[in-house]
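Data first, discussion second: the structure below is written as structure tokens.
The values are calculated or read from the model by the stated rules, or taken from the named source; none is laboratory data. Keep in mind the model is a prediction, meaning the values are calculated, not measured. All Cβ positions, even for glycine, are placed from backbone atoms using ideal geometry, and neighbour counts span all protein chains on display.
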Amino acid sequence: MTWATQTVRRVSRHKALTSIAAVALLAAAGAAWMARQKADLQRAVQVELREKAALQVKARADLREKSALFLDAALSLRRAGVSMQKAERDYLPRLRSAVAEADRVDPGRAEPHWRLGRLCRALMRFDEALAAQERALAFEPAYATALYERAVLGAREFATRLTALREAAIQQEGARLAQAGKLGSGVDREIQLRLPSDALLEKADGAIADLHARVAGDLAALERAAARSDLSAAQLACARGLALAYGPEPEQARAAARTQLEEALAGDPALEEAYEALAHIGGAAKEWDAVASVLARGLEVDRGYVPFWRGLGVARHRCRRWPRRSATSTRRSPWTR
């Protein structure tokens with residue numbers, strides 16, 4: 001082998017080694033660049049997540065602060081018998097804005113809609129309150145406070161519909177007896193009228209039967225979620241009373257339901273849902289004096305709750321006399337002129 005041939009071979013080997021080294025260097029440089037890009041991306045994602053978390057914390061804090069402030073103010077106005085127009089004009093739109101912002105930066109959570117629904121119930125906008133709780137439970141079906149609110153709203157709607165069915169049955173039976181000439185003066189109407197039981201009225205009305213089943217279902221779900229809820233002891237006692245009142249054997253459970261509801265009122269005398277539930281139990285037992293008495297108690301602490309005034313009027317009409325004079329009987333309703 002000549003010297004020239006050996007030299008060519010050495011140069012060729014050096015060129016191959018140089019090419020390999022260059023490729024290795026390029027690969028290393030590419031890997032380093034990719035690592036830097038990945039690190040930069042991760043840092044950017046972390047910054048974005050921190051900013052998003054900060055916005056979520058701010059939105060939640062803002063929502064909770066406004067919700068508590070507006071709810072306390074609305075309830076104070078209502079319980080004093082003051083017009084609710086200011087609360088509806090000022091508080092409700094501002095809370096709706098806070099809920100919209102919470103939905104934008106922190107979507108899919110039940111809390112904002114539960115809080116909006118609770119304010120709507122305080123303002124006696126019951127349909128809006130129910131719609132808000134439905135949205136809350138669509139996001140989180142086991143959200144205990146929303147279950148409680150929907151059960152309370154369903155229970156009062158059930159009682160309202162049942163009262164309407166009772167009155168319709170009375171009118172229908174009274175009209176029938178009047179046409180037959182069987183209504184005599186000075187005779188107690190309750191003796192003359194043969195009225196269907198609440199169970200029969202409910203059975204004949206599919207909508208109210210479905211409502212009853214939904215209330216019972218919400219209360220059963222609430223019982224399972226109660227341990228991890230933010231409900232007060234008074235609200236939990238009220239929920240247990242409602243569960244008995246709307247359970248499978250409401251007549252047998254009346255005494256126990258009343259005990260639970262009175263326990264709730266001992267813990268929170270302003271709990272309007274407990275008064276309404278006691279009134280419902282009294283109405284089912286046709287104890288209209290007791291209904292009038294419990295609603296008068298409710299009015300002592302909540303002068304502006306319109307359903308108390310309406311229910312008291314129905315109860316006094318049904319018992320056909322005024323109950324014993326109380327502090328409420330000397331005052332006019334703030335909702336009449």
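Okay, here's what the table says:
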read-out: Set L299, L222: member being aliphatic (A, V, I, L, M) and modelled with pLDDT of 95 or more; value: L299
read-out: Residue that is surrounded by the most Cβ atoms within 10 Å (Cβ to Cβ), among those in segment 237-257 that are in contact with a helix residue (DSSP H, G or I) (Cβ under 7 Å, 6 or more places away or on another chain) and free of Cβ contacts under 8 Å to residues at least 24 places away in the same chain; value: L244
read-out: Residue check for Q172: over 24 Å from S229 (Cβ atoms) and part of a helix (DSSP H, G or I); value: yes
read-out: Selection within segment 269-292 - touching a residue at least 24 places away in the same chain (Cβ under 8 Å) and surrounded by fewer than 20 Cβ atoms within 10 Å (Cβ to Cβ); value: P269, A270, A284, A285, K286, D289
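Yes or no, residue by residue, for (1) in contact with a Phe, Trp or Tyr (Cβ under 7 Å, 6 or more places away or on another chain); (2) at pLDDT 90 or above:
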position: E173; (1), (2): no, no
position: L183; (1), (2): no, no
position: A199; (1), (2): no, no
position: V215; (1), (2): yes, yes
position: G241; (1), (2): no, yes
position: E251; (1), (2): no, no
position: A257; (1), (2): no, yes
